[in-house]
Amino acid sequence: MNKKDEKNKILEQNNLDKISEINNDASDKMEKIVSLAKRRGFVYPSSEIYGGFAGIYDFGPMGVELENNIKNHWWKWMVQKRRDIVGLDSGIFMNPKIWEASGHTKGFSDPMAECKECNTRIRVDKVLEEIGVSADEKMSEEEINKLFDENRNKIKCPKCGKQNFSEVKKFNLLVQSNLGDFTKKGDSPAYLRGETCQGIYVNFSNVVDSIHMKLPFGIAQIGKAFRNEISPRQFLFRAREFEQMEMQYFTHPKDEMKEFEKLREYRWKAILDLGIKEENIRWKQHDNLVFYAKDAWDIEYKYPWGFDELEGIHARGNYDLTQHSEGCGKAQDYYDQEKNEKFIPHIIESSIGVGRLVFAILDNAYIEEEVKGEMRVVLRLNKKIAPVKVAVLPLSKKEELSKPALELFEKLNEKFVCQYDETQSIGKRYRRQDEIGTPYCITFDFETLEDGAVTIRDRDTMEQERIKIDELTDYLEFKLK
Ligand code: ATP
């Protein structure tokens, strides 16, 4: 059935005046998503009862299910479907020398200026980009100060509105801790990792030695990363604590660019497989490459403020393993027995933040539409990743209905993530399930006691079908595939 016929059928069946999408490109979409995320238990600002804590978010009951489904999807695509990629879970803390060798203690910084009136800090490259001046965090202090000075008169403090900024300084993003330091001097800090991939690089030789992976092969990991972001904002987009899903693919130098193209194509497909609409993503090639990189592309998502980085896919040459070879004094090389050849592998990486992906998925799925003259908010999440798959809703709280309905819930809950809800009117319960993106609602009514059948409502079409309880599991299994 095409979309138009489907819509007419719903109108006919439900005698609805109108179903039409409204407002879905509205400028207040950001606030709407943040509000829905909190109202329905997806994402809460951290430490709220103590006035909050900038750049940190807590995932609520719906958020953690969605997040887990997204991580499982990534793991399936990046590890389980692939014979040439294996998983890893390295520690958050590592020997501080790792961050020296990787260049993070010196070079992992963003350009910052401070408002001399109210002490608000701004991330200068992003502020310049907002006014249409091309800049990035890799520029030297001198270069970015020059650009900033040329444009000072166009930049106002986001808090007090004045234009009295300090000069631009590079601010290091590594977060320090006193782990293992009992001297109280704090002069030998251990760092919370700024990215998960360093844990992969330093385990490269362990993986080769223990499970004998042959090049080309990849190591994937999901885990927390921490950055002292200068101005955390834009909801989950720029947090100080976040999770990354990273895969580092080790290749022979001559294969690097061929594998890079394959990885780009594969990651594009994986993002689409999550239900993200193709018109909401695009490729962006980096103009300003770091000296060792061969090529670098981002997949950008159309966030409420415009296209911005969702995932980075980069060809990094042999920089990472060379740095660690020098740092630890042991060559991190690979020996190809067949060809009797020894070399330092080149690396291509795919790196995506879980929070940025959750945000993109909520934005991509959020729809407001008018039904029967009323506004309905629905999350058209891909069924694979919806936090709850089925809701069981008895029409009345009376025991003669609630008892068998609960039994049905318990049976279905063995196979699918289900919710049981008997509070308020059926209309309100449908709306709640629509807002968390539950694909199917099952109503258990008095007729069910006689005919052994229930009504199933489809989230997207709102079409209702009567199905025998005996056939329910097969039906749902087929529909949720
Ligand atoms: P940006 O330029 O936006 O600061 P980046 O280029 O520094 O990002 P990378 O270091 O390449 O980002 O990190 C890889 C991925 O990790 C990003 O594509 C993004 O999905 C995620 N990520 C990076 N920083 C953050 C953050 N502060 N909050 C949430 N996710 C992040």
Checklist entry - Just to be sure, is Phe235 in contact with a strand residue (DSSP E or B) (Cβ under 7 Å, 6 or more places away or on another chain), closer than 30 Å to Met112 by Cα and within 14 Å of the ligand (Cβ to nearest atom)? => result no
Checklist entry - When you scan region 76-152 for helices (runs of 4 or more DSSP H) that lie fully inside it, which ones turn up with 3 or more residues that are surrounded by 13 or more Cβ atoms within 10 Å (Cβ to Cβ) and within 16 Å of the ligand (Cβ to nearest atom)? => result 124-130
Checklist entry - How many of the residues making up region 259-315 are within 14 Å of the ligand (Cβ to nearest atom) and at positive phi? => result 1
Item to check | Which listed residue is closer than 20 Å to Ile98 by Cα and among the basic types (Lys, Arg), from Lys330, Lys254, Lys269 | outcome: Lys330
Item to check | Candidate set: region 208-225, residues that are surrounded by 17 or more Cβ atoms within 10 Å (Cβ to Cβ) and out of contact with any Ser or Thr (no Cβ under 7 Å at 6 or more places or on another chain); chosen: the one nearest to Glu243 (Cα to Cα) | outcome: Ile222
Next on the checklist: As an exercise: evaluate Phe165 against (1) touching a strand residue (DSSP E or B) at 6+ places or on another chain (Cβ under 9 Å); (2) farther than 22 Å from Gln244 by Cα; (3) within 16 Å of the ligand (Cβ to nearest atom) and give the number of the one condition it does not meet.
Outcome noted: (3)
Checklist outcome for this item: In the set Lys372, Lys468, Lys384, Lys411, the lone residue that is in contact with a helix residue (DSSP H, G or I) (Cβ under 9 Å, 6 or more places away or on another chain) and within 25 Å of Val34 (Cβ to Cβ) is Lys384
Item to check | Selected residue [within 17 Å of the chain's Cα centre (by Cα) and either outside any helix (DSSP H, G or I) or without any contact (Cβ under 8 Å) to a residue 12 or more places away in the chain (or both)] from Ile222, Ile230, Ile271 | outcome: Ile222
Next on the checklist: Residues that are closer than 17 Å to Val378 by Cα, surrounded by 14 or more Cβ atoms within 10 Å (Cβ to Cβ) and in contact with a Phe, Trp or Tyr (Cβ under 7 Å, 6 or more places away or on another chain): does region 470-481 have at least one?
Outcome noted: no
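So, Glu259, is that one farther than 30 Å from Val208 by Cβ, among the charged types (D, E, K, R) and open to solvent by 10 Å² or more (accessible area, probe 1.4 Å) or not?
no
The values are calculated or read from the model by the stated rules, or taken from the named source; none is laboratory data. Quantities reported herein were computed from a predicted structural model and do not represent experimental measurements. Note that we place each Cβ from the backbone using ideal geometry, even for glycine, and neighbour counts take in every protein chain shown. Quick note on the areas: whole protein, heavy atoms, side chains included, nothing else; ligands and nucleic acids left out. Shrake-Rupley method; radii C 1.70, N 1.55, O 1.52, S 1.80 Å.
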